[in-house]
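The values are calculated or read from the model by the stated rules, or taken from the named source; none is laboratory data. Predicted, not measured: the structure shown is a model, and the values here were computed from it. Here Cβ is always computed from backbone atoms with ideal geometry, including for glycine, and neighbour counts include all displayed protein chains.
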Amino acid sequence: MSVIPVLEADVLRRQDPELAEILLGELARQSTTLQLVAAENFTSPAVLAALGSPLANKYAEGYPGARHHGGCEIVDVAERVAVDRAKALFGAGHANVQAHSGSSAVLAAYAALLRPGDTVLALGLPYGGHLTHGSPANFSGRWFDFVGYGVDAETGLIDYVQVRSLARTRRPKAIVCGSIACPRHIDYAFFREVADEVGAYLIADAAHPIGLVAGGAAPNPVPYADVVCATTHKVLRGPRGGMLLCGSELAERVDRAVFPFTQGGAQMHTIAAKAVAFGEAATPAFTAYAHQVVANARVLAAGLAAEGFVVTTGGTDTHLITADPLPLGADGRAARGQLAAAGMVLDCCALPHGDSRGLRLGTAAVTTQGMGEGEMAGIAALMAGVLRGRVDARRARDEVRDLVGGFLPYPG
Ligand SMILES: Cc1ncc(COP(=O)(O)O)c(C=O)c1O
C-alpha cells in the first residue's frame, strides 16, 4: 500500500508540482531527522489510506442513523465501527469519535457539563496545563473561572495536597486532570475522591497518555472520570483528531455538545482512520509497542540525567520527558535551536521551578520506527555532545541521518 497514494499515482505531481514538492519535502524531513516531539507519531499506511479516501468527500452532519444529509449509509457503518472499537479498547460505556481535535474534545466536555462562568480547577499553565485548561487566550479562560493547581517545585510532581485544599475552598463545578508536560502517571482515584468530596465533575484530559492506556502501559482514567477527552494522534498513532469517552448516562449530553453545539459535519475520512487506528491499538503488537515506548523513554531520561540534564521528577512513567539543559550551557529555547540544527526536533516547555525554559521530548515516534534502548542511549549522548560543543551540528546531522536511515518511518 502506498504511503501517500496521490503522490505514488503521480496525480498530484502532474497537476500541482508545487504542492507535490512540499509534501515530498516534508516526507524527506521526517525521514532524515529525529522526531522527538512528544505529541507526534507516525501513523500507519492503513491510517493514511483511510485519510486519503473518498470518505473525505462525504457530508455527514449528525450521528449514524440520524443524519441531516442523504447518502450516509456507508459512512454510518464506519462511524459505528469506530465507536464500538473505542468503547471496547477503553472499556467505556460511550464514545464520541467526531471531535475534530483534542481542543474540540475539551470544549465539548465543558459544554456538556458546565455553564459559562462556572469555576473549574485545573493544572496551571506554567506547570503543564494545556491552553484549554484556562488560558486567557483560549475560550476556556474567557468563558470559565479557572483556578490553577501546581506542582511541587522540588519534586516536579502534582501537588495533590494543594488540589484537595483548592477544591475545598473554591468548590469548583469541575476538576480537570491532565497535562501537556507531566511525565508521571496521574492518580485518577485521588482526583475522583476529591471531586466526590466537593460535588464536582471530573474531566480527565488524557490527550497524551491515551495511547499508553490502549496498550496497557498506563492507568485508564475511564473508570474514574465523568468524561475523558483525548487526542487520537499522539502515542495512539491515529489521525489528527479528538474523542470523548464517558458512561452511557452522559452519552446524549456529550454527543449534543459535540454536534450541534460546537461542531458541524463530521469528518468521515478521519473517523474511518480513527477506526483503523483503534483496530491497530487492540493488537498484541500495539501492547508491545506501548511498553517499548515507556522502556525507551526511561532509558532516554536516564541517559539525559547521566549527561547532566536536570530531568523533571527524576525520570518518567510515560513516553514524555521534560528536562532542564541549563547545566550543559543552554536554556530550553537555545537548546531547541541547537538541537534542531543538528537534526533533532523537539519542544521547549515550562519547568516546575520556573527559572528557565526546559526541553520536552518523547519516544512515541522513534519507537514506531523500531528504535530501542540502545538507540535512546545514543540519542542522549548525541544531544549532550551537541549542547556541550563536543559534536558540531554538521557531524551530528550526519549521525542522525545515518541513524534514521536504518529506521525509516515509511520504508520505500
Ligand atoms: C493535554 C492536552 N489537551 C488538549 C490538547 C489539544 O489537542 P489539539 O492540538 O488536537 O487541539 C493537547 C495537545 O497537545 C494536550 O496535550
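Data for the structure
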quantity	calculated
Any hit, the range 214-230, residues being outside the structural domain of LEU320 (by TED's automatic domain parsing), part of a helix (DSSP H, G or I), of a type outside the set (A, V, I, L, M) and away from the ligand (no atom under 14 Å from the Cβ)	no
Test: residue in the range 49-60 that is at pLDDT 95 or above, farther than 20 Å from ARG237 by Cα and in contact with a Pro (Cβ under 9 Å, 6 or more places away or on another chain)	no
Positions within the range 31-73 being surrounded by 17 or more Cβ atoms within 10 Å (Cβ to Cβ) and part of a helix (DSSP H, G or I), in sequence order	SER31, VAL47, LEU48, ALA49, ALA50, LEU51, LEU55
Near pairs, Cβ below 8 angstrom, 6+ apart or cross-chain, from the range 240-268 (charged (D, E, K, R)) to any residue that is in a loop (DSSP other than H, G, I, E, B)	ARG240/SER101; ARG240/THR232; ARG240/HIS233; GLU249/GLY93
Any hit, the range 173-190, residues being away from the ligand (no atom under 12 Å from the Cβ) and at positive phi	no
